[in-house]
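A short reminder: the numbers here are calculations on the coordinates, not readings from a lab. None of the values given here were measured: they were computed from a predicted structure. Cβ placement follows ideal geometry from the backbone for every residue including glycine, while neighbour counts extend to all protein chains displayed.
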Amino acid sequence: MPTPIAITIPEAVRLSGLSRTALYDALKRQHITAKKAGRRTLISFTDLEAYLASLPAYQGGA
């Protein structure tokens, strides 16, 4: 299955493991950009991947 160009908010939540609130917070802080297509909010798949890659690494026990 090819990688999608854009995904909806529920798809972004499911694929990323982020909560809906965390995703909207990232949008509000402009860490991720979204586009509107009618009533749908779409997030670029590569934008979501870049955001996840920019998060700090887990430092177990620290």
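Here are some notes:
- Pair list, Cβ < 8 Å and 6+ apart or interchain, from region 19-38 residues that are closer than 14 Å to SER54 by Cβ to residues that are outside any helix (DSSP H, G or I): ALA26/LEU18; ALA26/ILE32; ILE32/ILE43; THR33/ILE43; THR33/SER44
- Failed criterion for LYS35 (all others in (1) outside any helix (DSSP H, G or I); (2) surrounded by 13 or more Cβ atoms within 10 Å (Cβ to Cβ); (3) charged (D, E, K, R) hold): (2)
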